[in-house]
Amino acid sequence: INHNQLYELLKYAALGKCHNATQPSWCRIYHQSHLAGVVVIVLQEASQLHFYKFYLQFKHLRKVFRHRFTLTASTNFLASLYGEGANLKPQNTAQGLTSTSSECVPKSSIFQCDPILRKYGEKKRGLTSYTLTLEEQKKNDYPIKGSPGCKGYIYTECDQQRTDSSPLFGLDCEMCLTAKGNEVTRVSLVDAQGQCLLNELVKPESTVVNYRTRFSGITKKMLLPVKTRLPDIQTRLKKMLPHDAVLVGHSLNADLQALEMIHPSVIDTSLLFARNEGRRFKLKFLAKAVLGKEIQCEQKLGHDPAEDARAALELAQFFIEQGPAKVAELNLEMLLMTEKLAEVSQNKAALQPRRCRVQKQLNEPPHLSKPCFLDCLQMTGQKPLLLGRQELDSSGLCQSNLSTSNKQILQRALEDVPLSTFSIIQFSLGPEYVASHLLAGLCEKVRSKLTDMLTIYAGPFEESFCLKSVKKEFGRCGPIQSLTVVTETYQPYVCIQYEVLEAAQLAVESLNGAEVAGSCIKVQRPVTAAMLDCDVLIKELELDVENEGVIYVAGLKKSLTEADLQEEFSQLKDLETVFLPKDLQSGKHRNCCFLKFQKSQSAVDALEVINGWTVKGSKLRSRNALASGHLWRWIWQMNHSNEKQGGNILCENMEQASDSEQDLRKKVKKLDHHIKKLYRSLQDNTLCIVLFPGVNSMHGSQSGLGLMGIKDDGGRSAC
């Protein structure tokens, strides 16, 4: 999830239906009024990579919190949690600790006169409602078919009627000033998934008068070897666009004029996010305010048209998916004013003595720009609490106090958390543990271990064995990613890599010692130093609270749907959910599924029934789940990330990384103990959320992880 959605959850958990708080869009909290409080524990500098690398060390976290979600990494996580409306000042800095609360600042969050609502109304609509009419195109200087000024322009011939499911494409160009006027020097086209389809330099026909390098990023040297001309680009675009394509861009009229092309169906984000009196927001501002993305950074030489095209496309998608009312709630005019005031404040701060600080992002998730819910808490007499190494001061700057230890923070939290209904407690791994060489080393080790756990070796087989029958037999354990024959041995073996952990484990358990393809075979995983604790890890994964009451079933026909499986398994007692995984690239069903039961014993009983059960001619195999839900998706992402990077992310200094890893392992174990101690001190019915914010720096990016649950009287988390 992103930080907007996390903010939704925190706001509703803290306020309920007061102050226009609504149920989060991605999960539900039942009986919110019964919550005793909300505690957010943030593990600074940590990502989901750290959680799975040190899975065995996070003994408390994995056995208590059953709900997990991937979290988008942020450059300023603390600011994103509090929201842009927060006005925070230190309350107590004894022993180097930072403790803050929110001051009451009454603000209005209803914008009845918003130009977006006046133009589009409040209801969500399909994309065809936001394409420009012919009159709007004429008014905004779009090239029109048959217009006198468009003689010689190329028509895309995309005349098929548009529907709300027509494909969107983001388009952006960079231009240089020539003797002829503005001429295209670079063109980018992205599809609805943000994939770049075209990113091409173009040599102008006329002599360049001004390269406008500061904005275009184009230099004379870049264009010297270029052979591509405007007609080449026109031809390629015409071929690439389907007949019902909708082009999206920011002030797209300028791009189409420079391309000398006419396209009948366009969405212009500079007009979509309407302002009063015909003014327009800049793309850079909208990307920050709405998407939480930094584009057109000053550190870069010129704009990146692919980045701009993608930003415009995502803005249009956000508008269509969320609807005008949600966009109006962002109060973009107020946010723009806030940004300008912050720039003034920044300029003043720059004249003051330098201090350790990180500039606050003005635009984390969209609705963080609204009045902060911590202000609303203060208005109701509640006292929000922040404990940790960082504070947000009244000028919006994030300051660090590195003298504060995790042990001090824990001691203070044990005293102060019971006095507050909303608390954010920050523990820290330490900035030294997010160095590029260490992150790369951790990532490679986790990926390598996951690959080994998904891999089995089987054999020996006869020289003339039937590979097809081997693949069929092992395929009954689950989806196979790759199968190769090992010929370096005296007799042939096969190496099989599965897509899910359960499949590999099922193969080891059910086929070791079995007769396959006429041979009695042995099935085992690779033997490496990292795999020595594989059996321990498998056992702990089975005991993971996320897998409680969940079983894995393999051997299904791929033609079966979730509805078919619901019917087939309907006789199983206390069956709650059937999850049929899909290939995240092709969208096709796998030959396995996960069954979740309301009671753990019902899952145990189901295992005995299902093993050997036949469904539409297929004999089923089953076992306890190891990686249901979140971990299954994460493994898939890790594997495909490895394909893209070619596995070549080994760190340069492995000895240094190894030493740091040992220190980190000890620190993680202590942090888990701190969280256990703090968690046990919480009142029953407290919503507790543990966040690994992720890493987003110049060294690389790793997504974050969230774990949450409501503490019940047994000390466990429930929702």
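How much net charge surrounds Tyr457 when only other residues with a Cβ under 14 Å from its Cβ are counted (Lys, Arg +1; Asp, Glu -1)?
It works out to a net charge of 0.
Towards the positive end of the charge dipole of segment 146-294, with charges on Cβ (+1 Lys, Arg; -1 Asp, Glu), say which of Leu237, Asn199, Leu247 has the farthest Cα.
Value: Asn199.
Kindly sort Tyr153, Tyr457, Tyr490 by accessible area of their heavy atoms, largest first, with the probe set to 1.4 Å.
Result of the area sort, largest leading: Tyr490, Tyr457, Tyr153.
Using the Kirkwood radius over C-alpha pairs as Rh, can you work out the diffusion coefficient of segment 498-636 via Stokes-Einstein at 37 °C, viscosity 0.692 mPa s, in µm² per second?
Working: Rh = 15.9 Å.
Translational diffusion coefficient: 206 µm²/s.
Taking the Cα centre of segment 451-565 as the origin and placing charges on Cβ (Lys, Arg +1; Asp, Glu -1), which of Ser510, Val500, Cys466 is farthest toward the positive end of the dipole?
Ranked along the dipole, the leading option is Cys466.
Please list 161-170, 439-448 highest first by mean number of surrounding beta-carbon atoms within 10 Å per residue.
Output ranking for 161-170, 439-448: 439-448, 161-170.
From the phi of every residue in segment 260-273, what ³J(HN,Hα) in whole Hz does the Karplus formula 6.51 cos²θ - 1.76 cosθ + 1.60 yield, where θ is phi - 60° and glycine or proline is x?
6, 10, 10, 10, x, 10, 9, 10, 9, 5, 5, 9, 4, 8
In terms of the ratio Rg/(2.2 N^0.38 Å) built on C-alpha atoms, what value belongs to segment 458-507?
Values: Rg = 10.8 Å, N = 50, 2.2 N^0.38 = 9.7 Å.
Working it through for segment 458-507, the quotient is 1.12.
For segment 210-253, take every pair of Cα atoms, bin their distances at 5 Å starting from 0, and report each bin as a whole percent.
With 5 Å bins starting at 0, P(r) equals 5, 15, 14, 22, 21, 15, 7, 2.
Quick one: which of Lys599/Lys670; Lys599/Lys619; Lys53/Lys539; Lys138/Lys293; Lys145/Lys284 span more than 22 angstrom between C-alpha atoms?
Lys599/Lys670; Lys599/Lys619; Lys138/Lys293; Lys145/Lys284
Quick one: with all protein chains in place, what share of the accessible area of segment 463-565 is carbon or sulfur, to the nearest percent (1.4 Å probe)?
52
If you count only protein heavy atoms with a 1.4 Å probe, what accessible area per residue comes out for segment 243-284, rounded to a whole Å²? Mind dumping the intermediate values first?
Values: 1310 Å² over 42 residues.
Spelled out: the 1.4 Å probe surface of segment 243-284, per residue, equals 31 Å².
Which whole-percent values make up P(r) of segment 154-288 when all C-alpha to C-alpha distances are grouped in 5 Å steps starting at zero?
Binned Cα distances yield the sequence 2, 10, 18, 22, 19, 15, 10, 3, 1, 0.
Which value, in Å² rounded to 10, gives the accessible area of Thr484 with a 1.4 Å probe and all protein chains present?
Rounded to the nearest 10, that gives 80 Å².
Please give the solvent-accessible surface of Glu333 in Å², to the nearest 10, using a probe radius of 1.4 Å with every protein chain present.
Counting only protein heavy atoms, Glu333 exposes about 60 Å² to solvent.
Which whole-percent values make up P(r) of segment 440-546 when all C-alpha to C-alpha distances are grouped in 10 Å steps starting at zero?
14, 46, 30, 9, 1
Accessible area per residue for segment 444-586 in Å², computed with a 1.4 Å probe and the full protein assembly in place, what is it?
48
Rounded to the nearest 20 debye, what is the charge dipole size of segment 185-291 about its Cα centre when +1 sits on each Lys and Arg Cβ and -1 on each Asp and Glu Cβ? If you can, show how the numbers build up before the last one.
Numbers: 17 positive and 9 negative charges, 119 e Å.
In total the dipole reaches around 580 debye.
Accessible area per residue for segment 156-196 in Å², computed with a 1.4 Å probe and the full protein assembly in place, what is it?
43
Pairs Lys63/Lys596; Lys124/Lys557; Lys11/Lys119: which exceed 27 Å Cα-Cα?
Lys124/Lys557; Lys11/Lys119
List, in order, the whole-Hz ³J(HN,Hα) value for each residue of segment 317-332 obtained from phi through the Karplus relation with A = 6.51, B = -1.76, C = 1.60 and θ = phi - 60°; use x for Gly and Pro.
5, 4, 4, 5, 6, 8, x, x, 4, 5, 5, 4, 5, 5, 6, 4
The values are calculated or read from the model by the stated rules, or taken from the named source; none is laboratory data. Given the structure is predicted, the values throughout are model-derived calculations rather than measurements. Because the Cβ atoms are built from the backbone with ideal geometry, glycine has one as well, and the counts that use them run over all protein chains shown. With ligands, DNA and RNA removed, areas are computed over all heavy atoms of the protein, side chains included. Shrake-Rupley method; radii C 1.70, N 1.55, O 1.52, S 1.80 Å.
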